[in-house]
Each structure stands twice: as C-alpha cells, then as structure tokens.
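Coordinate-derived values only; no laboratory data. This is a predicted model, so every value here is computed, not measured. Positions of Cβ are generated from backbone atoms using ideal geometry, with glycine treated the same way; all protein chains shown enter the neighbour counts.
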Amino acid sequence: MTYSGAVKVGGAADVHELADLMISKVAVGPMNNNAYLLRCRATGEQLLVDAANEAETLLSLIGDDGIASVVTTHRHGDHWEALRAVVDATGARTYAGRHDAEGIPVATDVLVDDGDTVTVGRVTLTARHLVGHTPGSIALIYDDPHGHPHVFTGDCLFPGGVGNTWGDPEAFARLLGDVETKLFDTLPDETWVYPGHGNDTSLGAERPHLAEWRERGW
C-alpha cells in the first residue's frame, strides 16, 4: 500500500517503507499528536520520535523488539505524556534538545545540540536546533542515500506554516528564520516532512508560501 501519512486517533499506523528504514506513523489523543517509530531494516533496532500519549498504543506499535531510544522533539507536555511509561517498559535511552531538557520531567540521557547525530541501527539522523516554538526544539533529518531526505519537525513546521509562537513577533521571526536557513535553504523540494500533528507535507509544497508566512506574521 502507498504511504499517505494520514492517520487518525484510534486508527491503524501508516508505514512508510524506505530502502534502509521503516517509518511507522500513529496518531494519539487527546491532541491528535503524531508519534513515529523508526526501524533500521538491516539491524531491526528501533527509535521512537515523541512518546506523546497513549502508552499502550505506542508499546503495541513498538512490539516485542523494544526500542533502543526515544527522542522528544520539544518540551511541551503533549509530546512526552507517555515518555515515563515507555521508558520504564523498554529501558530506552532518552534524547532531547539541550535547551528543552529541563522542561521534560523524565531525565534526558543525551542532550542534543545543533548538528548532532542520533543513530538507529545503521541509520543516522541529524538534529537541527529550531528556536521559537520552544527554546530547544529539534528537528531530525534522515538524508536517505537511496532517495530524498525525510525530516521530523515536531511542532516547528506544518502544512501551511511554522509552529505557534503565540503572537510574539521576535519568536516568530526566529522560528521562521531557523526553518528557512536550516531546512528550506539546505534541503530539496522533495524532502518529506513529518510534523508533530496532522498530515505530512513536503518542503516543495510549502516553499512558495514562505514570503506569505513572513508577511502575515504567523
């Protein structure tokens, strides 16, 4: 089946099968958060992006193979509500952006800085620090050697705009600037975007609207 990235709370996961990596996307309530399970096809090692909520749903997705690590994209509670339960059940190593870790009430084993790498089996992800939605949000980029890049953006980039900055023009300018310079300026239009809520998109679909976003201020 073709991957669409359209999932709903209580529904099945959607699986994006790449040459070296399998990406399973599931939605959890009550805020329609996305969680992503990454599995290295060569080794079977798994990594979870955002233990958002519904620990039972996430542990069912993870299965008997467990996970080696879980990355929290940012400090907001709807992205770590199930983190303690998932870590307790799996013993996973925890990762978060250095400047957001203090806001996550589960100890962070590895503090992530801009440009750091996170591995899952033989697959390498590159973290980019994006400021504005929170002080220490991170996006994870997988530059697929067999195709186009894939980026997990947390709440920093969605279809139709960047993440919420609550009317703060300085925070908005910083977030849009980081998203432009660290994602749009360095990655091609084909880059697949996996956001923290809702449907997926691509950089190419969003690129024509950057000036519009800057003009409207959100």
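Every condition in (1) surrounded by fewer than 17 Cβ atoms within 10 Å (Cβ to Cβ); (2) without any contact (Cβ under 8 Å) to a residue 40 or more places away in the chain; (3) out of contact with any Phe, Trp or Tyr (no Cβ under 8 Å at 6 or more places or on another chain); (4) not hydroxyl-bearing (Ser, Thr, Tyr) holds for residue 15 except the one numbered (3). Put simply, of 191, 181, 186 the only residue that is touching a residue at least 40 places away in the same chain (Cβ under 8 Å) and on the phi < 0 side of the Ramachandran plot is 191.
Could you go through the range 76-90 and let me know if any residue there is over 23 Å from residue 11 (Cα atoms), in a loop (DSSP other than H, G, I, E, B), touching a helix residue (DSSP H, G or I) at 6+ places or on another chain (Cβ under 9 Å) and touching a residue at least 60 places away in the same chain (Cβ under 8 Å). Yes, because at least one residue in the range 76-90 is over 23 Å from residue 11 (Cα atoms), in a loop (DSSP other than H, G, I, E, B), touching a helix residue (DSSP H, G or I) at 6+ places or on another chain (Cβ under 9 Å) and touching a residue at least 60 places away in the same chain (Cβ under 8 Å).
Determine whether residue 87 is hydrophobic (A, V, I, L, M, F, W, C), surrounded by 17 or more Cβ atoms within 10 Å (Cβ to Cβ) and within 21 Å of residue 193 (Cβ to Cβ). Spelling it out, it is not the case that residue 87 is hydrophobic (A, V, I, L, M, F, W, C), surrounded by 17 or more Cβ atoms within 10 Å (Cβ to Cβ) and within 21 Å of residue 193 (Cβ to Cβ). Summed over the range 115-137, the residues that are touching a Leu at 6+ places or on another chain (Cβ under 9 Å) and more than 26 Å from residue 88 (Cβ to Cβ) give a count of 7. Within the range 152-170, residues that are over 12 Å from residue 213 (Cα atoms) reach partners that are surrounded by fewer than 20 Cβ atoms within 10 Å (Cβ to Cβ) with beta carbons closer than 6 Å, at six or more positions or on different chains, in the pairs 165/171. Only residues that are within 14 Å of residue 199 (Cα to Cα) and more than 17 Å from the chain's Cα centre (by Cα) were counted across the range 12-34, and they come to 0. Being surrounded by fewer than 16 Cβ atoms within 10 Å (Cβ to Cβ), out of contact with any helix residue (DSSP H, G or I) (no Cβ under 6 Å at 6 or more places or on another chain) and more than 12 Å from residue 129 (Cα to Cα) is the filter here, so list the residues in the range 178-198 that pass it. Listed by number, the residues that qualify are 185, 186, 188, 190. Being under 21 Å from residue 5 (Cβ atoms) and of a type in the set (Val, Ile, Thr) is the filter; apply it to the range 114-125 and report the residue that is surrounded by the most Cβ atoms within 10 Å (Cβ to Cβ). Among those that are under 21 Å from residue 5 (Cβ atoms) and of a type in the set (Val, Ile, Thr), it is 120. Taking the criterion of being assigned to a strand (DSSP E or B), closer than 21 Å to residue 175 by Cα and either without any contact (Cβ under 8 Å) to a residue 60 or more places away in the chain or of a type in the set (Lys, Arg) (or both), the residues of the range 126-148 that qualify are 126, 127, 128, 129, 130, 141. Reported count of residues in the range 37-54, each being part of a strand (DSSP E or B), surrounded by 22 or more Cβ atoms within 10 Å (Cβ to Cβ) and not aliphatic (A, V, I, L, M), is 2.
When the range 134-167 is filtered for residues that are farther than 15 Å from residue 193 by Cβ and crowded, with 23+ Cβ neighbours inside 10 Å, the ones remaining, listed by number, are 134, 136. So for the range 60-70 (the condition being touching a residue at least 12 places away in the same chain (Cβ under 8 Å), within 26 Å of residue 177 (Cα to Cα) and not in a helix (DSSP H, G or I)), does at least one residue qualify? No; the residues of the range 60-70 include none that is touching a residue at least 12 places away in the same chain (Cβ under 8 Å), within 26 Å of residue 177 (Cα to Cα) and not in a helix (DSSP H, G or I).
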